[in-house]
Amino acid sequence: MTHLQGTHRPLSDTTIPGRMPTLSEQLDRYRAERRRRLRQATLTRQHSGRWPTEQEELIRFARIWAPYGGPPPEEVFVRFGITSTAFAERIRQMLATSRYDRRTTESLTLVYTKHPA
C-alpha cells in the first residue's frame, strides 16, 4: 500500500502549538484516515481482481483494534453482524487453526483471549 507524502498528521499536530487534540479531533482524524484506507483498499481490489475473504477481513479488523484492547461492540456488530464475544471466539478459532506470522498471533492472542469463551 502506498502512502502519500504529507497526508498523515500525527495526533499531536494541532493548530495551537503545545495543545493535545481533543477526543473529538482524534476521532475525526481516525475516521478520515479510515476512509482513506478504505478508498485505497477499494482501488487495490479493483486492480487485483479479488475481494478479501471474510477471514482476512476479520483478522485485519482485529489487528487494527488490538492496540486499543479490541473493537467496541457496536463496531463489531455494524461491521460483521455478530457480538463482541462471537467475534473474539472466531478470532481465537482462526488463530488456533490457521498459520499467521508470530507477531500477529501473539498480539491478537493477548487481546482476544481476555474475553470468556
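Quick note: the coordinates plus some simple rules give every number you see, no bench work behind them. Computed from a predicted structure; not experimentally measured. Positions of Cβ are backbone-derived with ideal geometry, glycine not excepted, and every protein chain shown enters the neighbour counts.
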The simple spin-label model distance between Tyr30 and Tyr68, using points 7 Å out along Cα→Cβ, in nm, is 0.2 nm
Just subtract the alpha-carbon distance of Gln40 and Thr22 from 0.36 nm times their residue separation and send over the number in nm, one decimal. 3.8 nm
